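Heads up: the structure comes next, in structure tokens.
Throughout, read-outs are computed from the coordinates displayed, never taken from laboratory work. Keep in mind that what you see is a predicted model, and the values were worked out from it rather than measured. Quick reminder, even Gly has a Cβ in these numbers, built from the backbone with ideal geometry, and neighbours come from all protein chains shown.
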Amino acid sequence: MGFRKDFLWGGATAANQYEGGVHEGGAGLATGDVMTNGSHTVRRQVTWRKPDGTTGSTPLCFGSPERHLPEGAIPVELHDDKYYYPSHIASDFYHHYKEDIRLMAEEGFKCLRISMKWSRIFPNGDDAQPSEEGLKFYEDVFDECAKYGIEPLVTLHHYETPLAFAQRCNGWDSRELVDLFVRYAETVFARYRGKVKYYLTFNEVNLIEVAPYVAGGLIHADPQNIANAAFHQFLASAKTVIMSHEKFPEIKIGMMLAFGPSYGLTADPADQLLARQRQDNTLAFSDVQMLGEYPCYKLKEYEREGIVLPVQEGDMETLKKGTCDFLSFSTYGSNTFTTHDDEGKKGEGNGASARQVANPYLKTNAWGWGTDPQCLRIALNIFNNRYHCPLWCVENGIGWNDVYEDGTVHDDYRIEYMRVNIQSMKDAVELDGIDLMGYLYWGCVDMVSNGEGEMAKRYGQIYVDADNYGQGTMARSTKDSYYWYQKCIRTNGEDLD
Ligand code: BG6
């Protein structure tokens, strides 16, 4: 017995990396629209002081080399030629959606994950009325999917918050966004009733601790601001779930976690404990959204750090009631941790010396991301043991400096990555009995990478003729991996040769 008959094979995308058309259809700007590509080396970092007088700093965005907010970015001079903002054109899905969806249908997709740009529907986030042009654009996309029997999966918030909130109230640090988000969700659920059945509230909700501007529109991001923002996103998600269960019972809402299993580099118990703690920190986020409460170790951490959650009366009951219907996740690989230095000498406890290192057993790409043949099987078992809920892998893929020649890309490395990961997932289903809803390959059409803000790190099975500055014809062509995945889908994952 392999994958279930209605297994949702397909691909995943996000508006800020794929959609473009930022200045069209009356859309308002989002936080992602003022991020440069990675070649601009102005790093935005926030330094802060704890109540005990110690200081620290938080980078606002991901990545190495980082992509950035230009100095003095908010408000920003968008017409300043000094900078290039990749989200403005991205892969121009805005004008190519018909062609892309047709290619996906020919590849065999059963499902397409897109994200909605909140500021395309409510340009400032809090406008009195939604934008009809914005709503119509996504409606056309869903109608096109329906033509081919492709089920849409919609992320309501994928690394972009209406910019007005970042400027005015430090993004998700402010409770004001909670009810505005629920209103946005309700508008969307009502409009696309019968067209969209699956939604995710916040993409990779745990990464707000790593990239608070990207994930939460925070300009000021000390640990207290970050904890506030995470709490407000949890609350917004829970209220959205409660509202949808009451008014749109046919809709299923998932949480979305960025997850890679954590390994200790050595059998030193300190390495094992460190790996465990890092993994548990990630699972704290799924605990809130799947179990409806913070785990005790996260509350202890907040207590130690002097962080007080901005809880109001009834909030904890809301979190408990508004747990998600399924757990979705991204997995690119595993994470390895050690408390030892490069010579293998033991560091001082697992404080200053604790760090993430490369796993010597894994092959990596140019950005150091490793291919782990057991990753999905381990991840799925962890989720299943902890939550006993429906699971869905909604991101998995590999970025590469593809070479385009003779109208295609011979990406055997991508085929190998998919083969290894799909086999791992299949083992979890066949050998461990995990109930898995689907698998979505990340970045099925080439798009701007989130970390670097560049096209050069391509994930696609479909090539897009565009460079790091949006120059090119935007023409689409299929890579070797497109045909491999087509065969995989056609055989429901039976033929992985
Ligand atoms: C996930 C995000 O973290 O990883 C995507 O949800 C992102 O938005 C993907 O694109 C791959 O990361 P990157 O930085 O290589 O684009």
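Quick notes on this one:
- Length added when fully stretched, residue 341-residue 220, from 0.36 nm per residue minus Cα-Cα: 40.3 nm
- Label separation (residue 303 vs residue 473): 6.5 nm, computed from points 7 Å beyond Cα along the C-beta direction.
- Of all DSSP beta bridges in the chain, antiparallel share, percent nearest 5: 35 percent
- Using C-alpha pairs under 8 Å with a sequence gap of at least 6, the mean separation divided by the residue count of the stretch 402-487 gives a relative contact order of 30 percent.
- Label positions at residue 4 and residue 356, each projected 7 Å from the Cα along the C-beta direction, are separated by 3.2 nm.
- Mean Cβ count within 10 Å, highest first, over the residues of peptides 84-97, 428-441, 464-477, 211-224: 211-224, 84-97, 428-441, 464-477
- Global geometry of the chain, whether rounded, prolate or oblate, following the gyration tensor of its Cα atoms and the 1.5 cut on a/c: rounded
- Cβ crowding within 10 Å, taken as a proxy for footprinting-reagent exposure, orders 317, 24, 405 from fewest neighbours to most as 405, 317, 24.
- When each of 247/487; 5/363; 98/252; 298/321 is checked by Cα-Cα distance, pairs over 30 Å: 247/487; 5/363
- Mean separation of Cα contacts under 8 Å (6+ apart) over length of the chain, as relative contact order %: 18 percent
- Sum of -39500 (n - 2.57) over DSSP H runs of 4+, divided by residues of the chain (222 nm, nearest 500): -10500 deg cm²/dmol
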